[in-house]
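First the structure, in the form of structure tokens, and then the observations on it.
Quick note: the coordinates plus some simple rules give every number you see, no bench work behind them. Just so you know, these numbers come straight off a predicted model, no measurement behind them. All Cβ positions, glycine included, derive from the backbone under ideal geometry; neighbour counts span all protein chains shown.
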Amino acid sequence: MDKNPIRNNRNSNNNKGVKNIGFAIIVILLALIIFAIYNKPSNLKTIPLTQAISQSNAGKYKSIEVNGSELDITPKGQSSPTLKTYTDPNTSLKSEGFNFNKVTVSYKPQSSSASAWLTIGESVIPVIIIAGVLFFMLRSAQGGQNQALSFGKSRARLYGNEKDKATFADIAGSDEAKQDLSEVVEFLKYPKKFSSLGARIPKGVLLVGPPGTGKTMLSRAVAGEANVPFFSISGSEFVEMFVGVGASRVRDLFAKAKKNAPCIIFIDEIDAVGRRRGSGMGGGHDEREQTLNQILVEMDGFEQGQNVIVLAATNRADVLDPALLRPGRFDRRVNIGLPDRKEREAILKVHFAKKPLAKDVDLDALAAKSAGSSGADLANIANESAIIAARNNHHQISQLDVTEAFERVAIGPERKSKVMTEGDKITTAYHEAGHALVGHVLPDSDPVHKVTIIPRGGTGGVTWFIPPEDRVYVSLVQFKDMLARGMGGRIAEEVVLGADHITTGAGSDLQHAAEVARDMVVNQGMGKQLRDQVFKTDDGLMLDKLVHEREYSDDTAKVIDREVESLITEAANRARIVIKANRDKLEALKDKLLEKETVDAEEVAEILKGASMPKGAALY
């Protein structure tokens, strides 16, 4: 038996659609029947009564059948009536002038009750048809979650009756978050254990973390562990263009949750409705703020003892209203970060568990080089691996399939169909060789993973650096080496082709270098003149984005610009020293790239073996 709630909801919606279509067909058929009854065609020709009397008395008719006020006439030589006329039913045919000696007259029996019912039916059936059509229209308008007359109802989806419930055992990694959330499970399963000691059950738990780290999955696991109903809704589903609709949905959601208590309400992307009040252009009475006010009231209103816990997820906790984050509303805050190497390996094993893997696939190596990837990224890598293996007609997922999937997810797919001229290929080879050479020589740079001149994603070529291990902090010298290797491509073009022949291929490199340098000065306090000072430029509120308010003077802004320029100039000079001192290595790597188009880490290390900073040159 299918217990999937999403599939069941889809089937329920399909059944409703089938029922509505069937009802519409019935109404249409009834309307056609009534139309046919009232407009049934007649083959009898109508003649005046005087003409019928004269011709009857002249002996031209075989018989006349009296049917109330209608006279159906069969002329001589005919077997059935072909003419008709009308007479007063209260007047006899003799008094009208008919001579019964010339024609046979018969009377069709009339039932007074049948006639009465026919009259009633003729009056009532059209009314029933019209009422049925109106009922169908109203039912269609009210039925379904996306219909106009149900916009005040909550659109939360209820889970909890399905057999395949998610639990903490189904989720790899996030051990600290699972430990924090296990207390919520204890609150829901054994509330008396805590209330007997005077402990208050928390009203809300806020899950904070980057996108794709499993916030929704963890909330589902909490409901599965506690074995309670789970209402899931997105923050954007509360807000409509009509004022008061969001607040109405909040009231309806909490009313349903209280009827199903103990239960969990999960609000995904709560920052869509929970942003700090007073930051927008709508004043204090816009729809979003009214919705937020209703959430605040429901979470900490006058009702006590309701065993309903609100879980909310966001990756922008800094923009939430302070009233949401105070004790009594969201009492707990659980930070869910990107997985480390051990957790990435566990996540990869979960996603590859039901996929046929070849023996040469090394998930530990994949976990090592996928630093910074979220759980969703790793799931995407596993899925892409299966797709690539199927495309290549493999019966198992090989290491080459996994590697290609990882590179596709990380830096984009190869665009081998893009045709490059021989000159562009040479320029790209020098450019990428410059990145690799500078990154290889500088001591605090990440090692080279792969160099290619095949266009990938939106780039003409890629030099890929991967840190050897997960990094919590980035030092000043690591930042500087990052800037220098980023400038290596432009400087290689300048040294080889001349300053007047540099190309647009370094545009993204220069943009990235500017962003890194500004982050060093403004947010990390790593400038020379502005050392140990940081400058707040944007707290995520709408007013800041509209007026670009900053908390430092124009003079300080000029100093920041000079600091950024100094860092980039220093990085370019260091890259120039390395490239000029190792020109032969640059040419060797360029030639290998033109030959093979893609060079991996081992080949790069072999080609650049012996490359170094010239004696007497300052590292920094």
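Backbone amide hydrogens, once placed in the peptide plane, bring L530 within less than 5 Å of nothing, excluding anything fewer than 5 places away on its chain.
Here the stretch 341-411 is assigned +1 on the Cβ of each Lys and Arg and -1 on the Cβ of each Asp and Glu. Its dipole about the Cα centre then comes out at about 180 debye. Residues whose amide H falls under 5 Å from that of S234, counting only those 5 or more places apart or on a different chain, are D268, with hydrogens built in the peptide plane. A simple spin-label model places the labels of D444 and L325 3.2 nm from each other, with each point 7 Å out along Cα-to-Cβ. When peptides 382-391, 423-432, 196-205 are sorted by average Cβ neighbour count within 10 Å, with the highest value leading, the order is 423-432, 382-391, 196-205. Counting only Cβ charges, +1 for Lys and Arg and -1 for Asp and Glu, the dipole size of the stretch 45-110 around its Cα centre is about 280 debye.
Summing Lys and Arg as +1 and Asp and Glu as -1 over all other residues whose Cβ lies under 14 Å from the Cβ of M487 gives a net charge of -2. Charge tally around D401: other residues with Cβ under 13 Å, Lys/Arg +1 each, Asp/Glu -1 each, net -2.
Can you give the FRET efficiency for Q511 and V127, using 1/(1 + (r/R0)^6), R0 = 60 Å, r = Cβ-Cβ distance, to the nearest 0.05? In this case the efficiency is close to 0.25. In this structure, E176 and F135 have a Cβ-Cβ separation that, at R0 = 51 Å, corresponds to a calculated FRET efficiency of about 0.35. Over the stretch 65-111, Cα pairs under 8 Å with separation of 6+ residues give a relative contact order of 43 percent. I need the fraction of alpha carbon pairs in the stretch 341-411 separated by more than 21 Å, rounded to a whole percent. Every Cα pair in the stretch 341-411 considered, those over 21 Å come to 12 percent. Taking the three principal axes of the alpha carbon atoms in the stretch 422-607, the coordinate ranges are 53, 35, 30 Å, sorted in descending order. Where the alpha-carbon atoms of the stretch 363-520 are placed on the principal axes, they occupy 53, 42, 24 Å, in descending order. If only the Cβ of Lys and Arg carry +1 and only the Cβ of Asp and Glu carry -1, the dipole of the stretch 429-476 around its Cα centre is close to 200 debye.
Summing charges over all other residues whose Cβ lies under 11 Å from the Cβ of H501, with Lys and Arg as +1 and Asp and Glu as -1, gives -3. Enclosing the Cα atoms of the stretch 45-110 in their convex hull gives a volume equal to 76 cubic angstrom per residue.
Note on N90 and L400: the extension gain reaches 101.5 nm, defined as 0.36 nm multiplied by sequence separation minus the Cα-Cα distance.
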